[in-house]
1. For Trp21, all conditions in the list (1) in contact with a Phe, Trp or Tyr (Cβ under 7 Å, 6 or more places away or on another chain); (2) more than 24 Å from Glu133 (Cα to Cα); (3) surrounded by 15 or more Cβ atoms within 10 Å (Cβ to Cβ) hold save one; what is the number of the exception?
2. So, in the range 144-163, exactly how many residues are at pLDDT below 80 and in a helix (DSSP H, G or I)?
3. Somewhere in the range 172-194, is a residue in a helix (DSSP H, G or I), under 19 Å from Ala231 (Cα atoms), of a type in the set (Gly, Ala, Ser) and in contact with a Lys or Arg (Cβ under 7 Å, 6 or more places away or on another chain)?
4. Of all residues in the range 88-113, how many are assigned to a helix (DSSP H, G or I) and closer than 30 Å to Leu175 by Cβ?
5. Using the structure shown, decide if Ser228 is hydroxyl-bearing (Ser, Thr, Tyr), within 21 Å of Leu164 (Cβ to Cβ) and either modelled with pLDDT of 90 or more or in a helix (DSSP H, G or I) (or both).
6. Return the residues of the range 212-235 that are polar (S, T, N, Q) and under 16 Å from Tyr169 (Cα atoms); say none if nothing qualifies.
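The values are calculated or read from the model by the stated rules, or taken from the named source; none is laboratory data. Since the structure is predicted, the reported quantities are computational estimates derived from the model, not experimental observations. Because the Cβ atoms are built from the backbone with ideal geometry, glycine has one as well, and the counts that use them run over all protein chains shown.
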Amino acid sequence: MIKIGSIGYNCSHPEGFSVDWKDGPGAFILLLVKTPAEFVLGKTKHDVKAGSVVVINPKTPTFYRPTGAEYIDDWFYFDTDNGEKTLADLGIPVDQPAFIGAADILSSMIFDMTVEFYSAEPYHEDIVELLTEVFFKRLGRILTKKLTYKPGLPEEKRTELANLRMRIYNDPSALPTVTGIAEEMNISISGLEHLYKKAFGTSIISDIVNSRVSMAKKLLMSSKMQVSEVAERCGYNSCYSFMRQFKLRTGVTPTAFRKFAAYGGWSQETAEDG
């Protein structure tokens with residue numbers, strides 16, 4: 001079990017701010033870094049991008065400071081029953097910053113955890129415990145997906161492709177076209193497709209469609225948006241293209257999916273049975 005000791009959301013510090021824990025933070029701490037920063041963990045220096053998660057061991061000598069005009073992060077101290085093994089089992093590295101990219105979902109969860117942590121309402125401790133469990137499992141899933149590579153790629157390409165895959169699954173609506181992605185990476189379209197398939201064993205188009213359909217399912221189940229609005233939020237310029245791809249992936253139309261889901265009756269098996 002992971003238990004929160006103290007927590008803060010969207011904390012801002014001016015230029016000149018720094019933290020220097022010569023003997024370590026004293027407890028596990030997770031930082032969701034929202035502005036560029038320099039970290040020294042043990043004897044290793046890291047240039048940490050905005051949108052990174054840093055989990056630090058209680059005894060790791062730590063120094064960090066902003067590299068820009070201010071430093072902003074979400075943070076919480078925590079303890080675990082089995083120390084680093086709990087985190088390792090979830091695929092979460094310790095003392096090694098991990099770039100997440102669009103970290104809005106994780107930050108939103110920390111906001112909810114913060115509200116409940118300082119609440120005096122009934123069950124607030126139970127709710128914090130449940131939110132914490134979901135947070136770490138979601139973070140572990142994100143990082144596991146990011147770090148699953150096929151062998152044989154240079155480290156710099158692995159990092160670049162990992163960051164791209166994080167963008168695809170965190171916010172598919174903000175992606176440029178595959179052509180635009182290739183231009184950003186200064187590579188040909190065919191070169192991008194080849195490297196992506198070599199890295200992850202699937203095509204970039206397949207990952208983009210999967211991420212869009214996954215987001216669409218959530219929006220159809222949790223909102224009253226029109227299908228055209230869902231299509232736009234998921235990065236589709238054409239509602240028809242969205243509906244066609246959604247049905248190819250799920251076996252049902254978006255409208256039928258919403259109807260089945262509302263009554264708890266949708267499953268992939270139901271769709272395949274017609």
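1. Trp21 satisfies every listed condition except (1).
2. 12
3. Taking the range 172-194 as the starting set, the residues that turn out to be in a helix (DSSP H, G or I) are 172-174, 178-184, 189-194.
Applying the additional criterion that residues be under 19 Å from Ala231 (Cα atoms) yields 172-174, 178.
Cutting the leftovers down to of a type in the set (Gly, Ala, Ser) gives us 173-174.
Going one step further and asking which of them are in contact with a Lys or Arg (Cβ under 7 Å, 6 or more places away or on another chain), we end up with 173.
The answer is yes; a qualifying residue exists.
4. Our first condition is that a residue be assigned to a helix (DSSP H, G or I); within the range 88-113, this holds for 88-89, 104-113.
Within this subset, residues satisfying the condition of being closer than 30 Å to Leu175 by Cβ are 104-113.
Result for the range 88-113: 10.
5. On the way: hydroxyl-bearing (Ser, Thr, Tyr): yes; within 21 Å of Leu164 (Cβ to Cβ): no; either modelled with pLDDT of 90 or more or in a helix (DSSP H, G or I) (or both): yes.
The answer is no for Ser228.
6. Within the range 212-235, the subset polar (S, T, N, Q) is 214, 222-223, 226, 228.
Ser214, the sole residue that qualifies.
A quick yes/no check of all residues on (1) acidic (Asp, Glu); (2) out of contact with any Leu (no Cβ under 8 Å at 6 or more places or on another chain); (3) assigned to a loop (DSSP other than H, G, I, E, B):
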position: His13; (1), (2), (3): no, yes, no
position: Phe17; (1), (2), (3): no, yes, yes
position: Asp47; (1), (2), (3): yes, yes, no
position: Tyr71; (1), (2), (3): no, yes, no
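Residue-by-condition table, conditions (1) at pLDDT below 90; (2) in the same structural domain as Leu30 (by TED's automatic domain parsing); (3) farther than 28 Å from Val48 by Cα:
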residue	(1), (2), (3)
Arg141	yes, yes, no
Arg165	yes, no, no
Asn186	yes, no, no
Lys197	yes, no, no
Ser203	no, no, yes
